[in-house]
1. Under 8 Å for C-alpha pairs, at least 6 residues apart: give me the relative contact order for the chain, rounded to a whole percent.
2. Once the whole set of protein chains is in place, how much accessible area is left on Asp38, using a 1.4 Å probe, in Å² to the nearest 10?
3. On the accessible surface of the chain, probed at 1.4 Å, how many percent belong to carbon and sulfur atoms?
4. Solvent-accessible area per residue for the range 20-65 at a 1.4 Å probe radius, Å²?
5. For the chain, which GluC sites (Glu not before Pro) are both in a DSSP coil and crowded by at most 13 other Cβ atoms within 10 Å?
6. Count neighbours as other Cβ atoms within 10 Å of each site's Cβ, and list the chymotrypsin sites (Phe, Trp or Tyr not before Pro) in the range 26-65 that are DSSP loop with at most 12 such neighbours.
7. Given [x] 5.0; [y] 5.7; [z] 5.4, which label gives mean projected area of the Cα convex hull in nm² as computed from the coordinates?
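The values are calculated or read from the model by the stated rules, or taken from the named source; none is laboratory data. Note that the structure is predicted; figures quoted are calculated from it, not measured. Methodologically, a virtual Cβ is constructed for each residue, glycine included, from the backbone with ideal geometry; neighbour enumeration extends over all protein chains shown. Accessible surface areas use protein heavy atoms only, side chains included; no ligands, DNA or RNA. Shrake-Rupley method; radii C 1.70, N 1.55, O 1.52, S 1.80 Å.
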Amino acid sequence: LEYRFGAIELRGAGRYYDGSWYPSAGAGFDLTRTFGIDVALFGTKTFLERSPHVGLAISLRFDRR
């Protein structure tokens with residue numbers, strides 16, 4: 001799901017895998033007309049560690065118009 005509040009975009013999602021739910025949430029911020037930042041938190045687990053963990057992703061958006 002995604003919803004836009006002017007210069008801010010809120011996102012949420014989830015996935016079901018191997019008997020567990022893994023939620024994710026994020027936000028995008030338009031700092032200028034050509035530059036923005038996206039931040040996301042997501043649930044994950046690896047094959048080595050069976051307990052779930054929270055991951056963090058940050059990306060920079062550049063738009064040359």
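1. Working: 118 pairs, mean separation 15.1, N = 65.
Relative contact order of the chain: 23 percent.
2. 30 Å²
3. Details: 3380 of 5350 Å².
Of all accessible area on the chain, carbon and sulfur atoms account for 63 percent.
4. On the way: 3640 Å² over 46 residues.
Result: 79 Å² of accessible area for each residue.
5. Loop-located and lightly packed - Glu49.
6. Phe47
7. [z]
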